[in-house]
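Structure first, then comments.
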Amino acid sequence: MFRTIRRADLNHTPLNLSNTEEIHTPHTIDKIISGLKQKQLDGKFYKDLEETHVNKKMSLIWLKKSSLYAETEGFVFAIQDQVINTKNYRKYIIKDPNIRNDCCRLCKAKPETIQHIISSCSILAQTDYKARHDNVAKIIHKELATLMNLIEDTTPYYTYIPSPFLENNKYKLYWDRTILTDLNITVNRPDIILIKKHTNEAILIDIAVPNTNNIIQTYHTKISKYLQLSIEMKSMLNLKKNSILPLVISNVGVVPNSLVENLKSLHLNDSIIIKIQKAVLLGTYHIVRKFLEQSDHVSQIRLAPVGQSSVGHFPSDARINGR
């Protein structure tokens with residue numbers, strides 16, 4: 001009976017039983033990515049890569065050149081796809097009946113989403129987030145100091161200790177220094193200050209590692225935040241030009257076009273982006289790993305001590321000699 005039906009089904013039904021050739025539908029990379037983009041949670045990272053302000057090529061460069069261990073790389077993928085075992089994920093995605101409250105196990109103030117863990121938890125702000133931020137700043141400082149012949153240091157960034165002040169006949173480089181001005185300005189401590197003596201110019205460099213959806217807002221906030229300081233410095237030091245240069249990369253390694261362009265303006269090539277991206281991804285990896293191992297009781301949490309940063313001012317003759 002079946003043989004008779006199969007011979008008779010000459011494309012009369014969707015099965016087309018008379019066609020004995022097995023049909024394979026190839027799963028191309030484009031088709032897989034297209035399918036991922038349709039997913040509200042897992043596909044957000046891939047949709048972010050298509051944003052006009054994002055440099056897709058550099059955002060994915062770590063996959064080829066970061067040399068991460070397979071286990072670390074896999075965990076980073078899980079963070080990017082937002083499939084980490086957070087309270088929010090268990091409550092609303094897995095529908096775990098045992099999770100009645102999705103509040104963060106540390107700060108107890110916001111829902112415990114992956115975005116909250118890697119960027120918004122107040123308990124982690126002055127420890128883990130700061131350490132990740134400072135590692136990026138160290139990379140920038142070390143590369144600038146080396147490029148401008150201010151140091152000859154071959155130590156890796158994670159053991160590098162930036163000097164508060166470096167100088168030669170062309171450049172001055174300040175690290176995490178408070179700037180005193182006639183006008184009382186509260187936001188007066190950019191991460192790095194570069195002064196070009198031969199052109200009488202200064203650049204205020206500030207680093208940020210926000211959530212991907214906050215890249216643009218963070219960039220413009222940095223500019224407005226340091227605008228008044230930039231104006232006062234230009235007048236105080238009699239500078240020809242004073243620029244504000246935010247260096248922003250997302251906490252899951254998404255690289256905006258602004259980062260590529262601003263690094264080029266500092267005469268730093270694309271290879272530094274790989275170092276920055278790897279430092280950020282490893283920082284985020286450790287933050288999430290550490291967070292998931294924390295007890296639900298804040299009293300039992302043992303966080304790493306706050307990294308000490310240099311506290312100081314411009315040298316005493318700053319306002320006289322332009323230092």
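The values are calculated or read from the model by the stated rules, or taken from the named source; none is laboratory data. Everything numeric here is computed off the predicted structure, so don't read it as measured data. Please note: Cβ atoms are built from the backbone with ideal geometry, for glycine as well, and neighbour counts cover all protein chains shown.
Being exposed (fewer than 14 other Cβ atoms within 10 Å of the Cβ) and without any contact (Cβ under 8 Å) to a residue 12 or more places away in the chain is the filter here, so list the residues in region 219-273 that pass it.
If the condition is that a residue be exposed (fewer than 14 other Cβ atoms within 10 Å of the Cβ) and without any contact (Cβ under 8 Å) to a residue 12 or more places away in the chain, then 220, 224, 235, 261, 264, 269, 271 are the ones that fit.
Within region 138-149, can you find the residues that are surrounded by 20 or more Cβ atoms within 10 Å (Cβ to Cβ) and either charged (D, E, K, R) or farther than 12 Å from residue 283 by Cβ (or both)?
138, 140, 141, 142, 143, 144, 145
Could you check region 84-98 and list, in sequence order, the residues that are without any contact (Cβ under 8 Å) to a residue 12 or more places away in the chain, under 30 Å from the mean Cα position of the chain (by Cα) and outside any helix (DSSP H, G or I)?
94
Take the conditions part of a strand (DSSP E or B), in contact (Cβ under 8 Å) with a residue 40 or more places away in the chain, of a type in the set (A, V, I, L, M, F, W, C) and within 30 Å of residue 79 (Cα to Cα) and apply them to residue 216. Does it pass?
When the stated conditions are applied, residue 216 does not pass them.
Hey, residue 70 hits all of (1) within 27 Å of residue 36 (Cα to Cα); (2) surrounded by 13 or more Cβ atoms within 10 Å (Cβ to Cβ); (3) of a type in the set (A, V, I, L, M, F, W, C); (4) free of Cβ contacts under 8 Å to residues at least 60 places away in the same chain but one; which does it fall short on?
(2)
All but one of (1) more than 26 Å from residue 179 (Cβ to Cβ); (2) surrounded by 20 or more Cβ atoms within 10 Å (Cβ to Cβ); (3) acidic (Asp, Glu) hold for residue 206; state the number of the condition that does not hold.
Status for residue 206: all satisfied but (1).
Determine whether residue 43 is under 23 Å from residue 217 (Cα atoms) and small (Gly, Ala, Ser).
For residue 43, the condition - under 23 Å from residue 217 (Cα atoms) and small (Gly, Ala, Ser) - is met.
Restrict the check to region 99-112 and report whether at least one residue is out of contact with any helix residue (DSSP H, G or I) (no Cβ under 6 Å at 6 or more places or on another chain) and free of Cβ contacts under 8 Å to residues at least 12 places away in the same chain.
Scanning region 99-112 turns up at least one residue that is out of contact with any helix residue (DSSP H, G or I) (no Cβ under 6 Å at 6 or more places or on another chain) and free of Cβ contacts under 8 Å to residues at least 12 places away in the same chain.
So, restricting to helices (runs of 4 or more DSSP H) that lie completely within region 22-82, which ones have at least 1 residues that are of a type in the set (Gly, Ala, Ser) and closer than 22 Å to residue 259 by Cα?
Filter on region 22-82 gives 56-59.
Evaluate region 59-69: report whether one residue or more is over 17 Å from residue 273 (Cβ atoms) and not hydroxyl-bearing (Ser, Thr, Tyr).
no
Need pairs with beta-carbon distance below 8 Å; first residue free of Cβ contacts under 8 Å to residues at least 40 places away in the same chain and among the hydroxyl-bearing types (Ser, Thr, Tyr) and within region 123-151, second buried (at least 23 other Cβ atoms within 10 Å of the Cβ) and outside any helix (DSSP H, G or I); sequence gap 6+ or separate chains.
The qualifying pairs do not exist here.
Filter region 74-83 down to the residues that are hydrophobic (A, V, I, L, M, F, W, C) and in contact (Cβ under 8 Å) with a residue 12 or more places away in the chain and list them by number.
Listed by number, the residues that qualify are 75, 76, 79, 83.
Kindly indicate which of 94, 79 is β-branched (Val, Ile, Thr) and either surrounded by 15 or more Cβ atoms within 10 Å (Cβ to Cβ) or closer than 16 Å to residue 293 by Cα (or both).
Of 94, 79, the one residue that is β-branched (Val, Ile, Thr) and either surrounded by 15 or more Cβ atoms within 10 Å (Cβ to Cβ) or closer than 16 Å to residue 293 by Cα (or both) is 79.
Within region 150-199, count every residue that is charged (D, E, K, R), at pLDDT below 95 and over 24 Å from residue 136 (Cβ atoms).
The total comes to 1.
So, of the residues in region 97-115 that are over 16 Å from residue 41 (Cα atoms) and among the charged types (D, E, K, R), which turns out to be surrounded by the fewest Cβ atoms within 10 Å (Cβ to Cβ)?
By that ranking, first place goes to 100.
Here is a yes/no grid of residues against (1) charged (D, E, K, R); (2) in a helix (DSSP H, G or I); (3) at pLDDT 95 or above; (4) within 25 Å of the chain's Cα centre (by Cα):
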residue: 225; (1), (2), (3), (4): yes, yes, yes, yes
residue: 231; (1), (2), (3), (4): no, yes, yes, no
residue: 246; (1), (2), (3), (4): no, no, yes, yes
residue: 254; (1), (2), (3), (4): no, no, yes, yes
residue: 273; (1), (2), (3), (4): no, yes, yes, yes
residue: 276; (1), (2), (3), (4): no, yes, yes, yes
residue: 282; (1), (2), (3), (4): no, yes, yes, yes
residue: 288; (1), (2), (3), (4): no, yes, yes, yes
